[in-house]
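**Student:** Mind having a look at this structure? Questions to follow.
The values are calculated or read from the model by the stated rules, or taken from the named source; none is laboratory data. Keep in mind that what you see is a predicted model, and the values were worked out from it rather than measured. Cβ sites come from the backbone with ideal geometry, for glycine too, and all protein chains shown count toward neighbours. Surface areas here come from the heavy atoms of the whole protein model, side chains and all, with no ligands, DNA or RNA. Shrake-Rupley method; radii C 1.70, N 1.55, O 1.52, S 1.80 Å.
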Amino acid sequence: MLIFLHLALTSYSQDLKSLLRKAATTADSADYYFGESKKLIIQPEDQAEFDFAKNAYHANSGELDSCIYFGQRAFEYFKGKNDLLKQVYILHYMGVAYRMAGQYEEAINSLFQAIPISQQLGDLTWQGWILQGISLNYHDFGAYQKGISFGQRALEVLSKNLEKDPRSVAIALNTLAINYDDWGKYDSAIFFHMQVMDLKDRLDTLQFSFTYNNIGNTLIKLNRLPEAKNWIQRAIVITEKRQSQGNDESYDLATNYTNLGQILGKQGIHADAKAALRKGLAFAQQSQSLEKIKDSYQALYEFNKSNGKSDSALVYLELLSGIEDSFFNLQSAKAISDAEAKYELAEKERNLTEERLRVQQSRFAFMTLAAILGLVGVLGFHFFRQQKLKSIQKDQEIELQKALSKVETQTQLHEQRLKISRDLHDNIGTQLTFVTLGMDSLKASFSNPPGPVLNQIDHLKTFTKTTIQELRDTVWAMNQSQMTFEDIQGRILGFTENLTWKEDLSLEIELDPELEKITLGSFEGISIYRIIQESLNNALKHAQASVISARLNKDAEGLQIIIQDNGIGFDPSSTSGNGLTHLRSRVNELNGSISFHSVSGEGTRIEISIPLQSS
């Protein structure tokens, strides 16, 4: 956990400032230094600085009640003084304490409250960190899609300050990666973790040990245990070195040893696995993080269950259920949703207020000009101004009504909106981020570009073209409530025109006339298009085929898709690449089935069956 501490104390007493710094940063002697500081409190400002330091100290110590008590007292004082920086710090620390206690709705409320203050402050680092904190809370709550949404916003803000603050960019990338990992999008998780590794030349290795652990965690889920073990062991070495320097690394060490224990258990090294898991639990309890304690109970439950120790497994299952019941409930989910809706409405109202201010400023400028031009000009402009004001006010009222209506219908539209926007998150958002970071890296070495740099430029250009095509496809789907198979066929033909660059390549698309009578919902239609697009892409990129065909037929169960090529083929039983994984995932989302028939050197035949929901 990154711990912010910036005590900009303004008390007349230098002794008070020095003592409060020591109290907030020296855990072993905190009681002594806070006691000495209290003796020096004379003015209300001194008391506020004391409360501010106590808020930070109790947040980092995981003492929720004390953190909130002192934080609220300090916040009221600094709000009265319009000290924006201190207000952001206090809300951040309260968010940290709530998150450690598993009270995610309260954490998100505090961080939403901090967003407009950080924007008014004009500090990019704080704006990004508040958004990144919201992303982490959504991750811990299990709302990974929202976690990714706020993580992308945090990365966009923090990337503007990459040269001055690369570590914040690394942490934002890590936040995105863990959301994708726990959402089951392992290829995207690895992608963002490797973006952190690309920044390692700008960072001290001790600053991002979490990335070594998280790469290992993703590899565990992919069952690549030897690789995972190597990454986790490197993470332990780095984190224990930080611990030896006087830092409290119990949170990270809990994760490290829990992951190591899972690996050893799967490798059959049971004694070492049990020791590692118990060590992970000890560090989790020391960190006082309910998230880490929950992860440890989960791992110990699975370990004992797999080894036939049902009594021990039951104990950990009961402990696990108790923690989950304490913060994963419908009431928390509703509170978080309400907090987000309130924030979005406040943002719209703030934008409307700013627009009114700009209109008033423009009006004053026109009035001054009219006075110079004379009485006739004044009368003419006055009439125009009144009409313009009525039009603007009417537009603002309409926009506000739309905003209120959108909040009221947010729950009903939520599922459909997430389905349609998934392509933006998974494809376009990821690729655009990659281009941005790639171009940043390119600028740093542009003086005498060698061959590899030119190759990278070409790669980025190709990637950008792909991104534009993905964006057009997604917008096409979002703009249609229904679509037909003829729409899909036309889109496929447009896609293949950009890919059939080989002179000897024969590419054929066949559509059963029976399908022309069927209409599809936008999500169902874009999913079918993506399945065909990815299948053709695989054949074009990997199969070295000269003849490729795609046939869409109507059968008794719905839609049958057959993709066939005369390429080099592959062994389906030994292939688990990301392309095939994505293909299976898309078909499963439509409750369909997919099978691969291929022999090396004899081409490939993909058969897909999808039940049609539309008519």
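**Student:** Conditions: (1) open to solvent by 40 Å² or more (accessible area, probe 1.4 Å); (2) in a loop (DSSP other than H, G, I, E, B); (3) at pLDDT 85 or above. Gly567 meets all but one. Number of the miss?
**Tutor:** Result: Gly567 fails condition (1) only.
**Student:** Could you say whether any residue in the stretch 343-357 is modelled with pLDDT of 60 or more, outside any helix (DSSP H, G or I) and among the basic types (Lys, Arg)?
**Tutor:** no
**Student:** So, of the residues in the stretch 50-91 that are at pLDDT 90 or above and of a type in the set (Asp, Glu), which turns out to be least open to solvent (accessible area, probe 1.4 Å)?
**Tutor:** That would be Asp51.
**Student:** Cβ-Cβ below 7 Å, separation at least six or inter-chain, first residue in the stretch 522-547 and touching a residue at least 24 places away in the same chain (Cβ under 8 Å) and closer than 18 Å to Gly494 by Cα, second open to solvent by 10 Å² or more (accessible area, probe 1.4 Å) and hydrophobic (A, V, I, L, M, F, W, C): which pairs?
**Tutor:** Ser527/Leu590; Gln533/Phe495; Ser535/Ile606; Leu540/Leu499
**Student:** Give the residues of the stretch 35-49 that are more than 27 Å from Tyr98 (Cβ to Cβ), of a type in the set (A, V, I, L, M, F, W, C) and surrounded by 15 or more Cβ atoms within 10 Å (Cβ to Cβ), sorted by residue number.
**Tutor:** Matches in the stretch 35-49: Leu40, Ile41.
**Student:** Restricting attention to the stretch 212-223, does a residue exist that is among the hydrophobic types (A, V, I, L, M, F, W, C), buried (at least 22 other Cβ atoms within 10 Å of the Cβ) and at pLDDT 90 or above?
**Tutor:** Yes: one or more hits.
**Student:** Consider only pairs whose beta carbons are under 9 Å apart and that are at least six residues apart or on different chains; among these, list those whose first residue lies in the stretch 235-253 and is more than 18 Å from Lys292 (Cα to Cα) and whose second residue is at pLDDT 85 or above and in a loop (DSSP other than H, G, I, E, B).
**Tutor:** From the stretch 235-253, the pairs are Arg242/Glu249.
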